[in-house]
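The values are calculated or read from the model by the stated rules, or taken from the named source; none is laboratory data. This structure is a prediction, so every number in the text was calculated from the model and none was measured. Cβ placement follows ideal geometry from the backbone for every residue including glycine, while neighbour counts extend to all protein chains displayed. SASA here: full protein model, heavy atoms, side chains in, ligands and nucleic acids out. Shrake-Rupley method; radii C 1.70, N 1.55, O 1.52, S 1.80 Å.
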Amino acid sequence: MLILGMTLLPARGQPAQKPDTSRSWKTDLIATLSATQAGFNNWQGGGVNSLALSTGLNGEARRTNGRWAQKHTLRLTIGVVKQDTLDFRKAEDVIRLASNLSYQGEGFFSLFSPTVAASIRTQFAEGFNFDKDPIFEKNPVGAPRKPPVKVSDFFSPAILQQSIGLTYDPNHWFTQRIGVAAKETIVLIERLRVLYGVDPADAVRFELGMEAVSELNREVFKNVRYKSTLGLFASFNKPETPDFLWENLVNMKVNAWLQVNFEFVALLDKDLSDRFQLKEVLAVGISYALL
């Protein structure tokens, strides 16, 4: 990175003034690449040849201007896996964007900051079910399709949420936000809408309710950082079955460019399934700081 600029020197006899950095952006952007390979030839214990590749971008931008503070986060991940004679299949696919703007007031509002927040999550590529036809199970019309059956794609679905409320920020590693929220579930592909609780005649399901988000980001040991986000959304017309999304990431830095990541995600959305959806990813790879 090349930076060009100029420096104004103070007049002789006058002390140099410290630059005002309160309005400057603080940014982080990390690129990651990881791979896992296993091969077997005449191996008595058995095994399956496999190759897994994934890449991603993780970024954050923060700025404080007077009493106003804003934060924007980005997460992009795409991964594929190949086992034995099977073709490459998608293993991980995430697009996550989130922003919030908060006001640091006085008195009560110095502890509980009024906050406006918004987020979106979707995916890059189409996804398939290789075991069965879940569309037929939801809507048994005609005959079931032979697997693999397409079950998702870009903006099918996409989950958008907007909220206005209060943020409790007692220290630099934990925040709690609660407020009134709107949630939109978008499914652009009509035949997939039945899988995500969207009316086949509409592309969007709109819900209004309450949202609570807890975020923890702390270095628990040297070079080991734990990030956790717990999000709850309770629709006003279905308060007894709130949506639950718990995301956990443990990042372990071996050195400046090599790292180990462990991710665990639990999702419960009764519009999609009555059971918990779980995801676990363990990756060893390289990382590079772009910003």
Candidate cut points under chymotrypsin sites (Phe, Trp or Tyr not before Pro) in the stretch 156-250, DSSP loop plus at most 10 other Cβ atoms within 10 Å of their own Cβ, are Phe236
Out of Thr175, Asn223, Pro148 - ranked by how far each Cα lies towards the positive end of the dipole of the chain, with unit charges on the beta-carbon of charged residues - the top one is Asn223
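Any idea what the alpha-carbon Rg over 2.2 N^0.38 Å comes to for the stretch 94-139?
Cα Rg divided by the expected 2.2 N^0.38 Å: 2.17.
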Label model pair Phe236, Thr36: point-to-point distance (7 angstrom along the Cα→beta-carbon line) in nm is 4.5
Taking a crude spin-label model, label points 7 Å out from Cα along the C-beta direction, the Val220 to Ser50 distance in nm is 2.4
Within the under-14-Å Cβ sphere about Glu190, not counting Glu190, Lys/Arg +1 and Asp/Glu -1 give a net charge of +2
For Lys253, counting only lysines whose alpha-carbon sits under 25 Å away and dropping same-chain residues fewer than eight positions off, the answer is Lys26, Lys71, Lys222, Lys227, Lys279
Using the Cα gyration tensor of the stretch 80-219, the equivalent ellipsoid's semi-axes, largest first and to the nearest Å, work out to 39, 20, 10
Note: the chain, point scatterers on Cα, Debye, no solvent; log10 I/I(0) at q = 0.09, 0.16 Å⁻¹ equals -0.58, -1.45
Note to self: with every protein chain in place and a 1.4 Å probe, the stretch 199-272 gives an accessible area per residue in Å² of 58
Stokes-Einstein D for the stretch 134-291 (25 °C, 0.890 mPa s, Kirkwood Rh from Cα pairs), in µm²/s, comes to 134
The answer for the stretch 71-122, accessible area per residue at 1.4 Å probe in Å², is 57
So Ile164 and Glu126, fully extended at 0.36 nm per residue minus their Cα-Cα distance, gain in nm 10.4 nm
Taking 0.36 nm per residue of separation between Phe206 and Lys26 and subtracting their Cα-Cα distance, the length gained on full extension comes to 61.3 nm
The alpha-carbon center of the stretch 250-273 and that of the stretch 182-229 are separated, in whole Å, by 16
Asserting the computed 222 nm helical MRE of the chain (DSSP H runs at least 4 long, -39500 (n - 2.57) per run, divided by residue count, to nearest 500) equals -500 deg cm²/dmol
To the nearest 20 debye, the chain has a Cα-centred charge dipole, built from +1 on Lys and Arg Cβ and -1 on Asp and Glu Cβ, of 880
Bounding extents of the stretch 53-150 in its principal axis frame from Cα atoms, largest first in Å, are 63, 35, 16
A 1.4 Å probe over the protein heavy atoms gives the chain a carbon and sulfur accessible-area percentage of 60
Connecting every pair of Cα atoms under 10 Å apart in the chain and solving the GNM, the largest mean-square fluctuation among Asp28, Asp274, Asp169 falls on Asp274
